[in-house]
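Undergrad: Take a look at the following structure, please.
The values are calculated or read from the model by the stated rules, or taken from the named source; none is laboratory data. Here the structure is a predicted model, which is why all the values come from computation and not from measurement. Cβ sites come from the backbone with ideal geometry, for glycine too, and all protein chains shown count toward neighbours.
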Amino acid sequence: MLIAITGATGIDLAIKLLETLRDKKIKTELIISKNAEKVITVETDYKISDIQKLAETNYDADDLLAPPASGSHKEDLMIVIPCSMKSLSAIANGYANNLITRAADVMIKEKRKLMLIVRETPFSAIHLENMLKLAKIGVIILPPIPSYYIKPQSVEELTEFTVGRILDHVGIESDIKRWGDDSKR
């Protein structure tokens with residue numbers, strides 16, 4: 001599974017996803033954008049190397065010769081988490097200027113699963129048009145919108161729920177609280 005972290009706020013979502021996938025013994029490849037590296041230092045106490053250790057393989061975001069840049073690289077799923085509006089725009093318009101947007105372009109052209117965990121609020125008409133363009137061709141757009149029916153006691157619970165919903169969409173079991181499941185409330 002290919003995970004890409006872009007420069008949007010919400011780095012904890014990516015870290016929690018990587019930790020969960022590691023705990024489930026699911027192999028991951030990771031690309032961290034240059035802007036994401038800056039956001040990581042602002043939003044977390046993690047070093048870049050700490051996050052990289054959560055993945056089996058790491059690629060430099062500027063390396064357009066890395067395996068994910070090619071359709072012959074067999075990766076069935078890519079998740080961009082968090083996905084900045086800059087990255088969303090580049091993906092929606094085929095502007096493959098770095099390994100993240102090129103790998104996303106490959107996923108689209110090869111008709112493989114691509115999921116974008118978009119982070120922005122409010123959405124502008126341009127953001128919505130880009131999301132619609134991608135959704136129409138099968139890209140999964142999953143903004144991390146809080147689910148209050150779980151009665152969260154912390155931001156961590158909301159983060160875990162979002163990661164659980166991501167896992168749901170890629171066919172990996174999660175134990176999140178579900179609507180109507182009073183036993184987990």
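Undergrad: So, in segment 97-127, how many residues would count as being surrounded by 13 or more Cβ atoms within 10 Å (Cβ to Cβ) and either assigned to a helix (DSSP H, G or I) or aromatic (Phe, Trp, Tyr) (or both)?
TA: Count: 12.
Undergrad: Here's another thing I want to ask about it. Which of (1) over 14 Å from the mean Cα position of the chain (by Cα); (2) under 26 Å from residue 173 (Cα atoms); (3) touching a residue at least 40 places away in the same chain (Cβ under 8 Å); (4) not in a loop (DSSP other than H, G, I, E, B) is the odd one out, the single condition residue 75 does not satisfy?
TA: Residue 75 satisfies all of (1) over 14 Å from the mean Cα position of the chain (by Cα); (2) under 26 Å from residue 173 (Cα atoms); (3) touching a residue at least 40 places away in the same chain (Cβ under 8 Å); (4) not in a loop (DSSP other than H, G, I, E, B) except (4).
Undergrad: Report, by residue number, each residue of segment 108-121 that is of a type outside the set (Ser, Thr, Tyr) and under 21 Å from residue 14 (Cα atoms).
TA: Of everything in segment 108-121, those that are of a type outside the set (Ser, Thr, Tyr) and under 21 Å from residue 14 (Cα atoms) turn out to be 112, 113, 114, 115, 116, 117, 118, 119, 120.
Undergrad: Considering only residues that are closer than 24 Å to residue 155 by Cα and either in contact with a helix residue (DSSP H, G or I) (Cβ under 6 Å, 6 or more places away or on another chain) or assigned to a loop (DSSP other than H, G, I, E, B) (or both), which ones fall in segment 26-38?
TA: Listed by number, the list holds a single entry, 37.
Undergrad: Turning to a different aspect of this structure: Give the residue that is nearest to residue 2 (Cα to Cα), with candidates limited to residues of segment 39-61 that are in contact with a helix residue (DSSP H, G or I) (Cβ under 7 Å, 6 or more places away or on another chain) and in a loop (DSSP other than H, G, I, E, B).
TA: That would be 55.
Undergrad: When you scan segment 109-131, do you find a residue that is among the small types (Gly, Ala, Ser) and closer than 22 Å to residue 75 by Cα, even just one? Write out each step before concluding.
TA: Residues of segment 109-131 that are among the small types (Gly, Ala, Ser), as a first pass: 124-125.
After this cut, where a residue has to be closer than 22 Å to residue 75 by Cα as well, the list is none.
The answer is no, given that none of the residues of segment 109-131 is among the small types (Gly, Ala, Ser) and closer than 22 Å to residue 75 by Cα.
Undergrad: Can you pull out every residue in segment 171-185 that is part of a loop (DSSP other than H, G, I, E, B), modelled with pLDDT under 80 and among the acidic types (Asp, Glu)?
TA: Answer for segment 171-185, where residues must be part of a loop (DSSP other than H, G, I, E, B), modelled with pLDDT under 80 and among the acidic types (Asp, Glu): just 181.
Undergrad: Go through segment 97-116 residue by residue and tally those that are in contact (Cβ under 8 Å) with a residue 24 or more places away in the chain and under 15 Å from residue 33 (Cβ atoms).
TA: 7
Undergrad: Under the condition of being over 14 Å from the mean Cα position of the chain (by Cα) and of a type in the set (Gly, Ala, Ser), which residue from segment 92-124 is nearest to residue 139 (Cα to Cα)?
TA: 92
Undergrad: To continue, here is another question. Out of 107, 131, report the one residue that is at pLDDT 95 or above and closer than 25 Å to residue 22 by Cβ.
TA: One residue alone meets the criteria, 107.
Undergrad: Also, quick follow-up: Collect the residues in segment 136-162 that are surrounded by 14 or more Cβ atoms within 10 Å (Cβ to Cβ), within 17 Å of the chain's Cα centre (by Cα) and hydrophobic (A, V, I, L, M, F, W, C), keeping them in residue-number order.
TA: 139, 140, 141, 142, 158, 161
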